[in-house]
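Since the structure comes first, as structure tokens, the remarks are kept for the end.
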Amino acid sequence: MGFLSRFFKVGNSKQNAKERLQVVLIHDRADISAGMMECLRRDIISVISNYMDISEEGIELELEKDKSSVALVANIPVLRVKRRLEGTPGKEEKIHAEGKKKRSQNRKR
Amino acid sequence: MDTRIIVVTSGKGGVGKTTVTANLSACLAKQGYSVVAVDADIGLRNLDVVMGLENRIVYNLVDVVENACRLQQALVRDKRVDNLYLLPAAQTRTKDAVTPDQMRYLCNSLRGSFDFVLIDSPAGIESGFRNAALCADEALVVATPEVSSVRDADRIIGLLEADGKNSINLIVNRFRQKMVDKGNMLDVNDVSEVLAVKIIGVVPEDDSVVISSNKGEPLSLGLQSPAAKAFKDITDRLLGKDVPLSLPQGEQGRGFLAGLMRMLRL
Ligand SMILES: Nc1ncnc2c1ncn2[C@@H]1O[C@H](COP(=O)(O)OP(=O)(O)OP(=O)(O)O)[C@@H](O)[C@H]1O
Ligand SMILES: [Mg+2]
């Protein structure tokens, strides 16, 4: 086909157009409004704060777009990891206990 | 009377919104429906000249919403076909001259008195577009088979969907089969695939479009041509008729080489 298309002077700019469009649209459609981004940032802070102290000013949150994909990339400076889960007393112990149980079972086997 | 309010929009400028509005309006009127073509491109009035009604304008859309005249006084009746009216834009005002509330008021006064209201939207995604789309039940998005135009169409479709419009159809304009055959233009299938929206018609690149706008005579009122046929087909599909989507040949027709290439599936 390569030979024939060269012979008949078939262009391929159509394929270029289609591929570039698909990539551009992936990016365009991944555009998130400033308001949505702010909500996401607040939610992320509140979840992570259960587990560690983080520097809220230092947070970098963005949609990173490379050639054909989009990724949410977060850089969140950690100040201190918490020793125990705060806010939901008992939960941590329970999970901790289950973990212990599993580990001892594993050891038995 | 059930009125269908349809906005014709595109995002990108110069892709054929005004052409589509004028021709579909005339086509619908010719089929016996009562139609108002509304020029919502305030400040860049065009629909009047494309329809050939520029000499009979007395009042305009802004006069109506500012209560400087009654709606009936501003509607310009087309004498060549029954039941076709133009509501012209103001030429000496800007897009900010009309508020969303005023636009709603205008649409409400049109609703119930006509079968179709076609609104020619300005290019862009700002207030002018928003006003034009505000009261529309349906949208016709016009795009040419080029990267920038299809991209802008995608943006517009996103905005229309976010606004809750659920009848959105695409018109591919200035289609050139010859270029597609040579592998140098996006195919209709490519466009529908990337945009994931229904295509209601394909209008070929056609000199008759320019000739008709030179004369101020919409195609369906005069010239027979591939583009005229395309507008007729779109009109029929709007009316719910099942017209298969055939690709228009344009004025050039298909060459021997193109046919050979298709045979060889190049
Ligand atoms: N199918 C076609 N074949 C040939 N010429 C066309 C076709 N469609 C539109 N044109 C030409 O392209 C130009 C732009 O068309 P038109 O004014 O309808 O675009 P528009 O989207 O309304 O532009 P604007 O964004 O400025 O309002 C006009 O000169 C018109 O004659
Ligand atoms: Mg226009």
TODO: Inspect the stretch B:104-124 for any residue being within 12 Å of ligand 1 (Cβ to nearest atom) and surrounded by fewer than 23 Cβ atoms within 10 Å (Cβ to Cβ) and give the result as yes or no.
DONE: yes
- [ ] Go through the residues of the stretch B:100-111 one by one and say whether even a single one is more than 14 Å from chain A (Cβ to nearest Cβ) and within 15 Å of ligand 2 (Cβ to nearest atom).
- [x] no
TODO: Output the number of the condition that residue B:212 fails; it satisfies all remaining conditions of (1) open to solvent by less than 20 Å² (accessible area, probe 1.4 Å); (2) on the phi > 0 side of the Ramachandran plot.
DONE: (2)
Task: Candidate set from the stretch A:46-71 (those that are part of a strand (DSSP E or B) and of a type outside the set (A, V, I, L, M)); member that is farthest from the chain's Cα centre (by Cα) - done: A:53
TODO: Report yes if residue B:58 is within 16 Å of ligand 2 (Cβ to nearest atom), away from every other protein chain (no Cβ under 14 Å) and open to solvent by 20 Å² or more (accessible area, probe 1.4 Å), otherwise no.
DONE: no
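Here is a list: B:92, B:19. Which entry is of a type in the set (S, T, N, Q) and within 20 Å of residue B:205 (Cα to Cα)? Break it down stepwise before answering.
Details: B:92 fails: within 20 Å of residue B:205 (Cα to Cα).
Of B:92, B:19, the one residue that is of a type in the set (S, T, N, Q) and within 20 Å of residue B:205 (Cα to Cα) is B:19.
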Task: the stretch B:20-52, subset open to solvent by less than 10 Å² (accessible area, probe 1.4 Å) and away from ligand 2 (no atom under 15 Å from the Cβ), residue nearest to residue B:87 (Cα to Cα) - done: B:36
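The values are calculated or read from the model by the stated rules, or taken from the named source; none is laboratory data. Not measured: the values here are computed from a predicted model. Cβ: placed from backbone, ideal geometry, glycine included. Neighbour counts: every protein chain shown. These accessible areas exclude ligands, DNA and RNA; they are computed on the full protein's heavy atoms, side chains included. Shrake-Rupley method; radii C 1.70, N 1.55, O 1.52, S 1.80 Å.
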